[in-house]
1. Filter segment 181-202 down to the residues that are part of a strand (DSSP E or B) and surrounded by 20 or more Cβ atoms within 10 Å (Cβ to Cβ) and list them by number.
2. Filter segment 42-60 down to residues that are under 18 Å from the mean Cα position of the chain (by Cα) and part of a loop (DSSP other than H, G, I, E, B) and give me whichever is surrounded by the most Cβ atoms within 10 Å (Cβ to Cβ).
3. With the requirement that a residue be of a type in the set (D, E) and in contact (Cβ under 8 Å) with a residue 40 or more places away in the chain, what does segment 57-90 give you?
4. So the check is Cβ under 6 Å with 6+ separation or different chains; which pairs have a first residue in segment 204-231 that's surrounded by 14 or more Cβ atoms within 10 Å (Cβ to Cβ) and a second one that's basic (K, R) and modelled with pLDDT of 95 or more?
5. Scanning for something touching a residue at least 24 places away in the same chain (Cβ under 8 Å), of a type outside the set (K, R) and within 20 Å of H205 (Cα to Cα), does segment 32-53 turn up at least one residue?
6. For segment 108-167, give me every one of the strands (runs of 3 or more DSSP E) that falls completely inside it and has 3 or more residues that are within 30 Å of D221 (Cβ to Cβ) and aliphatic (A, V, I, L, M).
7. How many residues are surrounded by fewer than 21 Cβ atoms within 10 Å (Cβ to Cβ) and farther than 15 Å from L26 by Cβ when one looks only at segment 113-126?
8. Considering L39, L63, L74, L24, which residue is part of a loop (DSSP other than H, G, I, E, B) and assigned by TED's automatic domain parsing to the domain that holds E89?
Amino acid sequence: MDETLYRQLAAERALNYVENGMTLGLGTGSTAFCMLRELAARLDDGRLRHIVGVPTSERTAVLARELGIPLTTLDQHPSLDLALDGADEVDRHLRLIKGLGGALLREKIVAASAERFIVMASFSKRVEQLGERSPLPVEVVAFGVPLCMRRLAALGGEPMLRRDHTGAPFVTDEGHLILDCHFGVIADPEGLAAAICTIPGVVAHGLFLGMASLAVIAGPDGITELCADGL
């Protein structure tokens, strides 16, 4: 099996928690896009009905519309039943690093707006400690980039301005920039999150702590459902 199939299996299992009439947060990224395609199939054949979703990015919104998934907004539905999204890293306490897809601010807002947040991932995203494999994305206002880079470096990170495929700075849907910060293993995610939030110019960071209620993880040995207190 390959990563694509694991993502698909995790997405299919997570969708089993969706019930008719729910308002969903629709994530961004490869696993979330697998979920969108499967959600559209279940809506088409009647396995699910009366579902509406709030997209976490413009890319998600475009794909959802192409697939015929009804969309809404947080203005219209400020409280969501369930959010479904992927992650770049997941530890055994369901602490996450997210944001390599560039949608961390909207993803965090949507996850916080939902009664439950379920993470879908392949086994390659499991880590013992956050920061083992992924940099930590930090979304910042353009004017604050020099200060934010200096302060993030003082916290032990190695921030780099994210660029798009043309070499220009990557711009988020909200018009901000992203600093990808290599901290190595993060011994105290809660402490680092609090320290980053004190930096003027920081809009959001990719540490999602205490937000997920369940992680559905697919791998060579099948599908594991990980709760916040472990397996």
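1. Pass one, segment 181-202, residues part of a strand (DSSP E or B): 181-182, 202.
Hits for segment 181-202 are C181, V202.
2. Filtering segment 42-60 down to residues under 18 Å from the mean Cα position of the chain (by Cα) leaves 53-60.
Of the ones still in play, those that are also part of a loop (DSSP other than H, G, I, E, B) are 56-57.
Working: T56: 29, S57: 23.
Among those residues, the one meeting the criterion is T56.
3. As a first pass, look at segment 57-90 and keep what is of a type in the set (D, E): 58, 66, 75, 81, 85, 88-89.
E58, D81, D85, D88, E89 - these are the residues of segment 57-90 that are of a type in the set (D, E) and in contact (Cβ under 8 Å) with a residue 40 or more places away in the chain.
4. Taking only residues 6 or more apart or on different chains, the pairs are A204/K108; G206/K98; F208/K98; L209/R95; S213/R116; V216/R13; I223/R13.
5. We begin by selecting, within segment 32-53, every residue touching a residue at least 24 places away in the same chain (Cβ under 8 Å); these are 32-40, 42-44, 48-53.
Add one more test, that the residue is of a type outside the set (K, R), and what stays is 32-36, 38-40, 43-44, 48, 50-53.
Going one step further and asking which of them are within 20 Å of H205 (Cα to Cα), we end up with 32.
Yes, there is a match, as at least one residue in segment 32-53 is touching a residue at least 24 places away in the same chain (Cβ under 8 Å), of a type outside the set (K, R) and within 20 Å of H205 (Cα to Cα).
6. Values: elements: 114-122, 136-140, 158-161.
So the answer is 114-122.
7. Within segment 113-126, the first condition is being surrounded by fewer than 21 Cβ atoms within 10 Å (Cβ to Cβ), and the residues that meet it are 113, 115-116, 123-124, 126.
Adding the requirement that they be farther than 15 Å from L26 by Cβ leaves 115, 123-124, 126.
Matching residues across segment 113-126 total 4.
8. Working: L39 fails: part of a loop (DSSP other than H, G, I, E, B); L63 fails: part of a loop (DSSP other than H, G, I, E, B); L24 fails: part of a loop (DSSP other than H, G, I, E, B).
Step by step, each of L39, L63, L74, L24 is checked, and only L74 is part of a loop (DSSP other than H, G, I, E, B) and assigned by TED's automatic domain parsing to the domain that holds E89.
The values are calculated or read from the model by the stated rules, or taken from the named source; none is laboratory data. Predicted, not measured: the structure shown is a model, and the values here were computed from it. When we count neighbours, we look across all protein chains shown, and the Cβ atoms used for this are built from the backbone with ideal geometry, even at glycine.
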